[in-house]
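Before any comments, here is the structure.
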Amino acid sequence: LLLTALLASVLVSVIAPFLFLGRYIKKSKIATLGNAAAIVNFVNKYAKKLSIKSPKVYILDSQKPEAFSFNLFKSKIFISLGMIELLSKKELHAVLLHELGHIKNNSSVLKFSFMLFKRFSPLAMFTTNKIATQLDQHECNADSVVLEYQKKARHLVNAKMKFEEL
């Protein structure tokens with residue numbers, strides 16, 4: 001039983017992110033200098049400042065506000081039209097910097113795998129507090145990138161408040 005639970009946990013943590021990513025790629029378009037020049041230019045500029053390879057930016061065709069990054073093999077940032085429309089320019093920049101922070105710290109896949117592990121693994125009940133602490137640390141690390149470049153948390157806090165209101 002323990003071996004089955006361990007195998008299920010590994011499968012959920014390793015395979016599920018690829019299935020999740022494939023689903024989101026199908027319902028999005030790659031942002032280019034033509035259709036989302038400001039976003040692409042911003043991401044490229046700050047990726048360079050962070051000494052990371054510029055991720056591809058995908059625009060999700062969804063009114064649901066969401067943004068996340070994925071950095072296994074090739075880095076990607078996903079942001080929905082709903083998020084772009086909801087936020088001011090500075091708030092959008094804060095969200096993009098936050099996602100670049102996840103890429104720089106290699107935390108997006110780990111974060112996603114932990115989330116799936118917590119939700120679906122029978123072993124999660126033994127590690128929930130440790131996982132929550134690690135996830136909080138990854139979020140703080142990504143937020144520190146925003147603070148480094150925007151010098152204040154106001155725009156990120158406003159973006160999070162707008163997101164949570166919906």
TODO: Give the range 22-57 a look and list any residue that's of a type in the set (Gly, Ala, Ser), assigned to a loop (DSSP other than H, G, I, E, B) and open to solvent by 50 Å² or more (accessible area, probe 1.4 Å), or say none.
DONE: Gly34, Ser51, Ser54
- [ ] May I ask you to list the residues in the range 58-86 that are open to solvent by less than 20 Å² (accessible area, probe 1.4 Å), hydroxyl-bearing (Ser, Thr, Tyr) and over 19 Å from Leu33 (Cβ atoms)?
- [x] Ser69, Ser80
Task: Lone unmet requirement of (1) among the charged types (D, E, K, R); (2) assigned to a helix (DSSP H, G or I); (3) modelled with pLDDT of 90 or more; (4) farther than 24 Å from Val145 by Cα for Lys64 - done: (2)
TODO: Within the range 67-100, count every residue that is more than 22 Å from Ser144 (Cβ to Cβ) and not in a strand (DSSP E or B).
DONE: 6
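The values are calculated or read from the model by the stated rules, or taken from the named source; none is laboratory data. Here the structure is a predicted model, which is why all the values come from computation and not from measurement. Cβ sites come from the backbone with ideal geometry, for glycine too, and all protein chains shown count toward neighbours. For the accessible areas, the whole protein counts, side chains as well, though only heavy atoms, and no ligand, DNA or RNA atoms are used. Shrake-Rupley method; radii C 1.70, N 1.55, O 1.52, S 1.80 Å.
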